[in-house]
Amino acid sequence: MPMKETVGTKGLIYNEDVIFEKSVEGRKAYSLPALDVPEVEVQQLIPEEYIREEVSGFPEVSEVDVIRHFVRLSQWNYAIDVGFYPLGSCTMKYNPKVHEDIARLPGFAQIHPYQPEELTQGAIRLMYELEKYLCEISGMDRVSLQPAAGAHGELTGLMMIRAYLTSQGNPRKKVIIPDSAHGTNPASSTLCRYEVISLKSNDRGCIDPDLLKKVMNEEVAAIMLTNPNTLGLFEENILEIARIVHEKGGLVYGDGANLNALLGIARPGDMGIDVIQFNLHKTFTTPHGGGGPGAGPVGIKSHLIPFMPVPTPERREKTEEEKRKYGSRGVEEYGSGGVGGSETKASSYFYYLDYNRPQSIGKVRAFYGNFGMMVRAYCYIRTMGAEGLKQVSENAVINANYILSQLRDVYHLPYDRYCKHECVFSDKYQLKNDVKTLDIAKRLMDYGFHPPTIYFPLIVHGALMIEPTETESKETLDQFIEAMRAIAKEAEEKPQVVRNAPHLPKVRRLDETTAARKPKLRWKKEV
Ligand SMILES: *Cc1c(COP(=O)(O)O)cnc(C)c1O
């Protein structure tokens, strides 16, 4: 009998079937001791309507089958803990493991959102202080920690803009968005019932103030811009842009997903930005893994404070009675959360959640947001400190410019400027040999690298958008550069090798259209 291919090991790399294919009738992952109490019919224990007639099609497997199945699948994954992950705009930086230890402290991990404030002082204090740190980093007046992702932060921000403008008499109709924007910007605007006006970028990849002047009027609620923008370029005319929009009574929304370039160097709040979201899962090292949970806190200037989502973390002086009851030396002595004595003064405060906000847009997330992510981001800010955060951005910018400088002779650079946290090339030179961005991305896998972001931003034909982040060493960057240069050479000398890539990974070139339009979602047993 020939060996079954799926069981085979090639260099100890395993294939893995769907778990249903491993099913053997009657095989179990448990064994229970013999019953030593009287048997009771299940109907006596569970209401009739909840009992299934039969459980069919479930895999019947042993414990070791289950363990191996999921461990093998996990080994198919690529992750930041495995290698370099240069996805532009995604800021795939290393997530320090100490954050995981802190987030798993029982006071954080086992806290319940319905626990009374007296028992959750440490947790509320952490939210309170995280908000203050984000305010200081960004130059905003307040931050709501609730949104669960960058896009959710955008929506929350736009809802506050709508509420603010409504309170001024007119919510207005339109939002201006440059053509380099992330797709979530027009999506959030549309969800918030705004019509989107797309603004063409100029030949430096930025917003053209003269063009903006022409489209800005009293129908426009806001401009949504990203700075540095998705080309990795700083909006040079940001102050003038903000002035043009403010003069007509509009607001400036800053998409802060790319804050990794600005920490400790420039503050959106000083650039005339009224609302901005932060992606904790990008700049502040909380994991992206498995699609979440993310966190997209949204910062605002003072005129928008009345519209913030409820609740907001606040603090007040403890009353004399509270001091007697709970002590006045350190909230860390009492309740959950092990933040502990950063400033002795804090011990005389009582932390609480404020729901009394009559003009609030309401709640945007169950309870208070993804608290575990706040713990990790808080840890990151505290461990880095102000100087450390500045160094993060400096190194992120240097790393991106290093890649830019080492690849610019072999890949076309559509906007020839120093970049911030990421650089954008195109496939223009390779197209002569009929090698496209997709081929280059696939070929990178043969060299052991996760591909960068491709075909975004849309204004660059065949874009290759590379964001190295600050957590990569020069050696890693050099290996990546070497691979990219080797591919450029192959595109000249043996383009078919690049066109047919990847050759080495377990899964070769997929038909992506079919995979997206006709996904195989259901396993069906052949009989
Ligand atoms: C990642 C990103 C977003 C969306 O953030 P999510 O957390 O994925 O919703 C929005 N804008 C820009 C520029 C981004 O890079």
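Nearest 0.05, what FRET efficiency do residue 217 and residue 367 give at R0 = 30 Å with Cβ-Cβ as r?
Numbers: r = 41 Å, r/R0 = 1.35.
Efficiency, from the Cβ-Cβ distance: 0.15.
Given Cβ point charges of +1 (Lys, Arg) and -1 (Asp, Glu) and nothing else, what value in debye, to the nearest 20, does the dipole of the chain about its Cα centre take?
Values: 64 positive and 69 negative charges, 165 e Å.
So the dipole magnitude of the chain works out to roughly 800 debye.
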Could you grab the relative contact order for the chain? Cα pairs under 8 Å, six or more apart, rounded to a whole percent.
18 percent
Compute the Rg to Rh ratio over region 453-500 from the alpha carbon atoms, using the Kirkwood formula for Rh, and round to two decimal places.
1.05
Values of log10 I(q)/I(0), in the order q = 0.17, 0.30 Å⁻¹, for region 19-75 under a Debye, Cα-only, solvent-free model
-0.81, -1.12
Sites residue 56 and residue 31 - FRET efficiency at Förster radius 25 Å, r taken between beta-carbons, to 0.05
0.65
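For region 197-285, with only Lys/Arg (+1) and Asp/Glu (-1) charged at the beta-carbon, what is the dipole magnitude about the Cα centre, in debye rounded to 20? Write down the numbers at each step before the final one.
Details: 8 positive and 12 negative charges, 37 e Å.
Computed charge dipole of region 197-285: roughly 180 debye.
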Packing-based ranking, highest mean first, of 451-459, 370-378 given that Cβ atoms within 10 Å are counted
370-378, 451-459
Between residue 115 and residue 67, what is the label-point separation in nm under the 7 Å Cα-to-beta-carbon projection?
3.3 nm
Which residue, 303, 241, 271, has the largest displacement toward the positive end of the dipole of the chain when charges sit on each Cβ (Lys, Arg +1; Asp, Glu -1)?
241
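At 0.36 nm per residue, minus the direct Cα-Cα distance, what do residue 319 and residue 431 gain on full extension? Give it in nm, one decimal, please. Spell out each step's value before the answer.
Numbers: separation 112, 0.36 × 112 = 40.32 nm, distance 7.19 nm.
Full extension of this stretch gives 33.1 nm more.
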Going Cα to Cα from residue 213, which aspartates and glutamates come in below 13 Å? Please leave out same-chain ones fewer than 8 positions away.
240, 247
Region 19-75 - charge dipole about Cα centre, Lys and Arg +1 at Cβ, Asp and Glu -1, debye rounded to 20:
540 debye
Under a cut-off of 30 Å between alpha-carbon atoms, report the lysines in cross-link reach of residue 520, not counting same-chain residues fewer than 8 places apart.
4, 10, 22, 28, 436, 442, 506
Take peptides 137-147, 414-424 and line them up by average Cβ neighbours within 10 Å, highest first, as a rough protection proxy.
137-147, 414-424
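In whole percent, and with a 1.4 Å probe on the protein chains, what portion of the accessible area of the chain is carbon and sulfur? Don't jump to the answer; show the numbers that get you there.
Details: 14460 of 27110 Å².
C and S fraction of accessible area: 53 percent.
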Averaged per residue, the 1.4 Å probe accessible area of the chain, protein heavy atoms only, in Å², is roughly 51 Å²
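Below 12 angstrom from the Cβ of residue 246, what's the summed charge of the other residues (Lys, Arg +1; Asp, Glu -1)? Present the calculation step by step, with values, prior to reporting the outcome.
On the way: positive: 243, 248, 301; negative: 240, 247, 274.
Every neighbour counted, the sum reads 0.
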Given a Förster distance of 25 angstrom, what is the FRET efficiency for residue 357 paired with residue 265, based on the Cβ-Cβ distance and rounded to 0.05?
0.15
Given the chain reduced to its alpha-carbon atoms as identical point scatterers, what log10 I(q)/I(0) does the Debye formula return at q = 0.07 Å⁻¹?
-0.51
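Would you tally the net charge around residue 43, using a Cβ to Cβ cut-off of less than 13 Å, leaving residue 43 out, and scoring K and R as +1, D and E as -1? It would help to have the intermediate numbers written out before the result.
Values: positive: 52; negative: 39, 41, 48, 49, 53.
That sum, taken over residues with Cβ under 13 Å, equals -4.
What net charge is computed for the residues neighbouring residue 184, neighbours being all others with C-beta under 14 Å from the C-beta of residue 184, Lys and Arg scored +1, Asp and Glu -1?
Values: positive: 282; negative: 154, 255.
Cβ neighbours under 14 Å give a net charge of -1.
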What residue among 38, 404, 55 has its Cα farthest toward the positive end of the dipole of the chain, where the charges are +1 on Lys, Arg and -1 on Asp, Glu, each on the Cβ?
404
Could you check the spin-label model distance between residue 478 and residue 104? Points 7 Å from the Cα along Cα→Cβ, value in nm.
3.6 nm
Check the straight Cα-Cα distances from residue 97 and name the aspartates and glutamates below 15 Å, setting aside those fewer than 8 residues away within the same chain.
81
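The values are calculated or read from the model by the stated rules, or taken from the named source; none is laboratory data. The shown structure was predicted, so the numbers you read here are calculated from the model rather than taken from an experiment. Neighbour counts run over all protein chains shown; Cβ positions are idealised from the backbone, glycine included. These accessible areas exclude ligands, DNA and RNA; they are computed on the full protein's heavy atoms, side chains included. Shrake-Rupley method; radii C 1.70, N 1.55, O 1.52, S 1.80 Å.
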